[in-house]
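K.L.:
Structure incoming, see below.
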Amino acid sequence: MSAAEPIDLVGVVGGGQMGAGIAEVSARAGCDVVIVEVSQERADAALGRIGASLQRGVGRGKLTAEEADATLGRLRASGSMDDLADRQLVVEAVVEEKGAKLDVVGRLAEVVRDPDAILASNTSSIPIVELGAAVGTRSTNVLGLHFFNPVPVLSLVEIIPSLLTAESVTERARTFVVDRLGKDPINAPDRAGFTVNALLIPYLLSAIRMLEQGLASAKDIDDGMVKGCAHPMGPLRLSDLIGLDTVLGVAETLYDEQREQLFAPPALLQRLVSAGRLGRKTGHGLYDYA
Ligand code: 3HC
């Protein structure tokens, strides 16, 4: 395979809401997709969630039943990274912890055979250069492709080359994002939080702090931003949608790099995460979804 060839073979590591979303949009765009989780069981569960999402799309008239079947036919679930050996692009979307992401990127550098394959991270905040530097000569093929939740709905992808990324790799990734996925990318700097999260996370943390200090109710905070600023959802509901563990992980990375108080995670956020109340995905977070 060469760097000039269009990307057809995609791998996704991590079958959570982001990984599943990236796999879904890639398969809908006609790519052959392997989704890898820590076990076959979890990979199958991720595939099941994608199937359900496609069915919802059929129900809403976004695609036909035949298109949904064809999309599922292009998706394979696996519990082994070895099944990514032939991929041209792999996007890691595992938990927002540097150690976990370094492990995955290191393993990808070992198993993915094509020397031109792009190794991308969907990290929300971790500087890409730290992931690239960990894989020696393949650092030129490592970049950030940061999608937004829900991936099938939101058109933005942040493209984040590191100091080590080859320009040809960035351009090939951009072609894939625009021409294949039909998304609208922006170029983002390789600093903690890139562009969007560096702006979004302090806003979400301020809302959680306002709630924590008893200054306003959750409903009034969210209604204020929805009705007063035309946001599609308020900051507390959005935090629950993103996942409070992810919000906390991003805040910690931003705070470590910038040492600015506005990135410091409020105690309420830390306590909810410790309690396993991670937002919509666990049924409890800042709101109760039971
Ligand atoms: N998959 C596919 N489609 C979905 C979907 C999903 N998971 N969730 C919603 N949709 C579609 C619906 O089908 C519907 O499409 P239609 O209008 O064409 O029929 C449309 O989105 C609206 O959905 P709903 O009517 O069910 O609900 P809402 O109008 O309340 O919209 C929302 C839900 C799309 C989540 C909207 O509230 C929204 O955009 N919220 C803001 C999300 C946001 O800011 N995300 C960014 C998070 S930051 C991030 O991801 C970065 C990370 O690093 C932290």
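The values are calculated or read from the model by the stated rules, or taken from the named source; none is laboratory data. All values derive from a computational prediction rather than experimental measurement. Cβ coordinates were reconstructed from backbone atoms using ideal geometry, including for glycine residues, and neighbour counts include every protein chain displayed. Please note that ligands, DNA and RNA were not included when accessible areas were found on the heavy atoms of the full protein model with its side chains. Shrake-Rupley method; radii C 1.70, N 1.55, O 1.52, S 1.80 Å.
K.L.:
Where the eigenvalues come from the Cα gyration tensor of the chain, what are the semi-axes √(5λ) of the equivalent ellipsoid, largest first, in whole Å?
P.N.:
In descending order the semi-axes read 31, 23, 17 Å.
K.L.:
Once neighbouring chains are kept in place and the probe is 1.4 Å, which whole percent of the accessible area of the stretch 9-187 is contributed by carbon and sulfur?
P.N.:
In the stretch 9-187, the share of accessible area belonging to carbon and sulfur is 53 percent.
K.L.:
If the limit is 29 Å between Cα atoms, which of Lys62/Lys101; Lys183/Lys281; Lys98/Lys183; Lys98/Lys281 go over it?
P.N.:
Violating the 29 Å Cα-Cα cut-off are Lys62/Lys101.
K.L.:
Could you check the simple spin-label distance between Gln258 and Asp179, using points 7 Å along Cα→Cβ, in nm with one decimal?
P.N.:
Output for this residue pair reads 3.6 nm.
K.L.:
Using 0.36 nm times the number of residues separating Tyr203 and Ala216, minus their current alpha carbon distance, what extension gain do you get?
P.N.:
3.2 nm
K.L.:
Specify the inter-centroid distance of the stretch 123-151 and the stretch 156-177, based on alpha-carbon positions, in whole Å.
P.N.:
Going from one Cα centre to the other spans 10 Å.
K.L.:
Over the stretch 186-290, what portion of Cα pair distances is larger than 16 Å, expressed as a whole percent?
P.N.:
Considering the stretch 186-290, 56 percent of its Cα-Cα pairs are separated by more than 16 Å.
K.L.:
Also, I was wondering about something else. Less than 15 Å from a label point 7 Å out along the Cα-to-Cβ axis of Asp44: which backbone N atoms in the stretch 79-94 qualify, by residue?
P.N.:
The answer is 79-80.
K.L.:
Same structure, new question: Taking only protein heavy atoms into account and a 1.4 Å probe, give the accessible area per residue of the chain in Å².
P.N.:
Per-residue accessible area for the chain comes out at 45 Å².
K.L.:
Among the GluC sites (Glu not before Pro) in the stretch 169-262, which ones are in a DSSP loop with at most 10 other Cβ atoms within 10 Å of the Cβ? Mind listing them?
P.N.:
The qualifying sites are Glu260.
K.L.:
With viscosity set to 0.890 mPa s at 25 °C, what whole-number translational diffusion coefficient in µm²/s follows for the stretch 48-93 from Stokes-Einstein and a Kirkwood radius over Cα pairs?
P.N.:
Diffusion coefficient, whole number: 200 µm²/s.
K.L.:
If you don't mind, another one. Run the reach check for Lys227 against lysines, Cα to Cα strictly under 21 Å, same-chain hits fewer than 8 apart removed. What comes back?
P.N.:
Within reach: Lys219.
K.L.:
Ok, one more. What nm value, rounded to one decimal, do you get for the distance between Ala65 and Glu110 when each label is placed 7 Å out toward the C-beta?
P.N.:
The two pseudo-label positions are separated by 4.6 nm.
K.L.:
Here is a follow-up. Determine ³J(HN,Hα), in whole Hz, for all residues of the stretch 104-112 in sequence, where each value follows from phi through the Karplus function 6.51 cos²θ - 1.76 cosθ + 1.60 and θ = phi - 60°; x replaces Gly and Pro.
P.N.:
5, 5, x, 5, 4, 4, 7, 8, 7
K.L.:
Restricting attention to the stretch 31-60, which trypsin sites (Lys or Arg not before Pro) occupy a DSSP loop and are surrounded by at most 14 other Cβ atoms within 10 Å?
P.N.:
Sparse-neighbourhood loop trypsin sites (Lys or Arg not before Pro): Arg60.
K.L.:
Report the label-to-label distance for Ala230 and Ser168 in nanometres (one decimal), using points 7 Å from each Cα along the Cα→Cβ vector.
P.N.:
Distance between the two pseudo-spin positions: 4.5 nm.
K.L.:
Right, another one. Counting only protein heavy atoms, what percent of the accessible surface of the stretch 197-281 is carbon or sulfur at a 1.4 Å probe?
P.N.:
54 percent
K.L.:
Long-range amide H contacts for Val13: which residues qualify at under 5 Å (H placed 1.01 Å from N, peptide plane, sequence gap of 5 or more or a different chain)?
P.N.:
Those qualifying (amide H under 5 Å, at least 5 residues apart or on another chain) are Val36, Val91, Glu92, Ala93.
K.L.:
Step through the residues of the stretch 281-290 one at a time and calculate ³J(HN,Hα) from phi using the Karplus curve (6.51 cos²θ - 1.76 cosθ + 1.60, θ = phi - 60°), rounding each to whole Hz and writing x for Gly and Pro.
P.N.:
Each residue of the stretch 281-290 in turn: 5, 10, x, 9, x, 5, 10, 9, 9, 4 Hz.
K.L.:
Compute, for Lys219, the solvent-accessible surface of its heavy atoms (probe 1.4 Å) with the complete set of protein chains present, and express it in square angstrom to the nearest 10.
P.N.:
The value for Lys219 is about 120 Å².
K.L.:
May I ask for the net charge around Met233, where only other residues with Cβ less than 13 Å from the Cβ of Met233 are counted and Lys, Arg are +1 while Asp, Glu are -1?
P.N.:
Net charge around Met233: +1.
K.L.:
Same structure, new question: Could you go through the stretch 167-178 in sequence order and give the Karplus-derived ³J(HN,Hα) for each residue, using 6.51 cos²θ - 1.76 cosθ + 1.60 with θ = phi - 60°, rounded to whole Hz, and x for Gly and Pro?
P.N.:
Computed from phi, the couplings for the stretch 167-178 are 4, 4, 5, 4, 5, 5, 5, 4, 4, 4, 5, 7 Hz.
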